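Q: Quick one: this structure, given as structure tokens, is what I'll be asking you about.
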Amino acid sequence: MTGRSRRRAIVVGAGAWGLPTAAQLALRGHEVTLVDRYGVANLLSSSPGPTRVWRHADATPVLCRLGLRSVGAMDRLAARSGTEVYRKVGVLWRDHDPTRLLTTLREEEVEHVEVEAADVGRWLPGLVPDERPAVWTPLGGCVLAAASMAAQGRLFREAGGRLVRDEVIGIDAAAGSVELRDGGRMAADVVVVAPGPGAVALLPMLDVDVPLTPQLEQVVHFGSPDAPHRYDDVPCLFEGAYGASPGFYSMPTPGRGYKIGLDVAVRGWTPDDVDRTPSDERTHETAVEAARLGFISDPVLDAQICSWTDSPDGLFVIDRVGRVVLACGDSGAGFKFSALMGEILADLAEEGEPDADVGSLGLARFDGRPLVDRRSGHLL
């Protein structure tokens, strides 16, 4: 606790951002209670599953910079927990016009290679070329998401953190308290609210009016039990929209297969929708995309429904509201920053000043601006 006073902290949400924050605060010597209705990394959250894409190939400068910082945070988590939490296999980004991406990578001095359309197979062996160029970034790969969450959970428990399974039905930002459906009122010096799609119900309690759009998406693994490591070292692939394809992201899941997620929702998320049965139609659509790539030789192995929560501009929402630290709007990119977000939110909970990048993600950016849905282009 050198240089810090011990604080009572409540963290709402035990997923990809909340659990690492709770672990960080507990490791720093604070008294931490982690609250989640369904428990850590539950199947209804946006954090379950074995892998996520980890990349710095992002046309948005702030996300590119935070992506670079995430490497150090993942390394610190790995060292502290003794667990491998990410693998560097590289990322190939193929799209019609990668100009914005290339501009950001040059400005942020991220190592990359511009790849001609006919040469994509050199960087991802077996990938069938089309007329689109690509960008190769060697610094990128897959987050071992399940291993990462398990490591954070162990650190949290070993540091004396307490998990409460209950539903939050009220938050008082001025008092620093939460009301639980079964457990009554809990008070703390600081409350961190990082509830994934559950933020939709909690923002009005904080008098925050930012429209969030939770969605359910599906990922599909291709592989064979006879060759579970076939794709372990295959690079990640990001495909922009192409013809009838909505575009997708894909990555190896070591020991399992190759995973593809189409960049389109299966349906909207609602609090009472607990059905996570994969869509046969979406599985078929994903298999069609896999077949045209050329390097996937195995059939569908399994499928999973997961969630993400869009903010209006596709950027995270991170700010303080009274004695609450708010973090929401992962916009489908949250897990690659999981370890880093734990450190950032813990710093804010200790009343540290946000740096310029984190500060740019605050609520003030929505003041007086018309809000437009980033996917549909419609006014919100």
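Q: So which of 291, 303 ends up being in a helix (DSSP H, G or I) and either at pLDDT 95 or above or of a type outside the set (A, V, I, L, M, F, W, C) (or both)?
A: Values: 303 fails: in a helix (DSSP H, G or I).
291 is the lone residue from the list that is in a helix (DSSP H, G or I) and either at pLDDT 95 or above or of a type outside the set (A, V, I, L, M, F, W, C) (or both).
Q: Further question: Would you say residue 127 is touching a residue at least 40 places away in the same chain (Cβ under 8 Å), open to solvent by less than 10 Å² (accessible area, probe 1.4 Å) and either in contact with a Gly (Cβ under 7 Å, 6 or more places away or on another chain) or among the acidic types (Asp, Glu) (or both)?
A: Numbers: touching a residue at least 40 places away in the same chain (Cβ under 8 Å): yes; open to solvent by less than 10 Å² (accessible area, probe 1.4 Å): yes; either in contact with a Gly (Cβ under 7 Å, 6 or more places away or on another chain) or among the acidic types (Asp, Glu) (or both): yes.
Criteria met by residue 127.
Q: Among residues belonging to segment 334-368 that are farther than 21 Å from residue 53 by Cβ and of a type in the set (Asp, Glu), point out the one that is most open to solvent (accessible area, probe 1.4 Å). Please lay out each step first, then the result.
A: Just the residues of segment 334-368 that are farther than 21 Å from residue 53 by Cβ, to begin with: 345-356, 358-360, 362-368.
Right, trim to of a type in the set (Asp, Glu) and you get 347, 350-351, 353, 355, 367.
Details: 347: 70, 350: 47, 351: 124, 353: 155, 355: 63, 367: 114 Å².
Step by step, filter segment 334-368, then rank; the result is 353.
Q: Which one is nearest to residue 116 (Cα to Cα), of the residues in segment 130-142 that are open to solvent by 10 Å² or more (accessible area, probe 1.4 Å) and in contact with a strand residue (DSSP E or B) (Cβ under 9 Å, 6 or more places away or on another chain)?
A: Just the residues of segment 130-142 that are open to solvent by 10 Å² or more (accessible area, probe 1.4 Å), to begin with: 130-131, 133, 136, 138-139.
Checking the rest, the ones that are also in contact with a strand residue (DSSP E or B) (Cβ under 9 Å, 6 or more places away or on another chain) come to 130, 133, 136, 138-139.
Numbers: 130: 10, 133: 5, 136: 10, 138: 16, 139: 19 Å.
Step by step, filter segment 130-142, then rank; the result is 133.
Q: Could you check segment 18-37 and list, in sequence order, the residues that are open to solvent by 10 Å² or more (accessible area, probe 1.4 Å) and within 13 Å of residue 151 (Cβ to Cβ)?
A: 24, 27
Q: Looking at 311, 331, which is the one that is of a type outside the set (Val, Ile, Thr), under 26 Å from residue 173 (Cα atoms), touching an Asp or Glu at 6+ places or on another chain (Cβ under 6 Å) and surrounded by fewer than 24 Cβ atoms within 10 Å (Cβ to Cβ)? Don't jump to the end; show me each part of the working.
A: Details: 311 fails: touching an Asp or Glu at 6+ places or on another chain (Cβ under 6 Å).
Result of the check over 311, 331: 331.
Q: Now for a different question. Just checking, does segment 317-324 include any residue being at positive phi, touching a residue at least 60 places away in the same chain (Cβ under 8 Å) and open to solvent by 30 Å² or more (accessible area, probe 1.4 Å)?
A: Scanning segment 317-324, I find at least one residue that is at positive phi, touching a residue at least 60 places away in the same chain (Cβ under 8 Å) and open to solvent by 30 Å² or more (accessible area, probe 1.4 Å), so the answer is yes.
Q: Give the residue, chosen from 331, 338, 360, that is of a type in the set (Ser, Thr, Tyr) and at pLDDT below 95. Before the answer, list the steps.
A: On the way: 338 fails: at pLDDT below 95; 360 fails: at pLDDT below 95.
It is 331.
Q: Right, next: Among the residues of segment 172-186, which ones are surrounded by 16 or more Cβ atoms within 10 Å (Cβ to Cβ) and either hydroxyl-bearing (Ser, Thr, Tyr) or outside any strand (DSSP E or B) (or both)?
A: Of everything in segment 172-186, those that are surrounded by 16 or more Cβ atoms within 10 Å (Cβ to Cβ) and either hydroxyl-bearing (Ser, Thr, Tyr) or outside any strand (DSSP E or B) (or both) turn out to be 173, 176, 177.
Q: From 143, 110, which residue is β-branched (Val, Ile, Thr) and free of Cβ contacts under 8 Å to residues at least 60 places away in the same chain?
A: Numbers: 143 fails: free of Cβ contacts under 8 Å to residues at least 60 places away in the same chain.
Just one listed residue meets the conditions, 110.
Q: Let me ask something else about it. Which count do you get for residues in segment 246-256 that are more than 17 Å from residue 143 (Cα to Cα) and either open to solvent by 10 Å² or more (accessible area, probe 1.4 Å) or among the β-branched types (Val, Ile, Thr) (or both)?
A: Residues that pass the stated criteria total 1.
Q: Right, next: Can you tell me how many residues in segment 267-301 are over 21 Å from residue 243 (Cβ atoms) and either open to solvent by 40 Å² or more (accessible area, probe 1.4 Å) or basic (Lys, Arg) (or both)?
A: Final tally of qualifying residues: 16.
Q: Of (1) open to solvent by 10 Å² or more (accessible area, probe 1.4 Å); (2) out of contact with any Pro (no Cβ under 6 Å at 6 or more places or on another chain); (3) modelled with pLDDT of 95 or more, residue 199 satisfies all except one. Which?
A: (1)
Q: Could you check segment 95-171 for helices (runs of 4 or more DSSP H) lying wholly inside it with 1 or more residues that are among the polar types (S, T, N, Q)? Spell out the reasoning first.
A: On the way: elements: 99-107, 120-123, 145-158.
Where helices (runs of 4 or more DSSP H) fall fully within segment 95-171 and carry at least 1 residues being among the polar types (S, T, N, Q), they are 99-107, 145-158.
The values are calculated or read from the model by the stated rules, or taken from the named source; none is laboratory data. Bear in mind the structure is a predicted one, so any value in this text is a computation, not a measurement. Cβ atoms come from the backbone with ideal geometry, glycine included; neighbour counts cover every protein chain shown. For the accessible areas, the whole protein counts, side chains as well, though only heavy atoms, and no ligand, DNA or RNA atoms are used. Shrake-Rupley method; radii C 1.70, N 1.55, O 1.52, S 1.80 Å.
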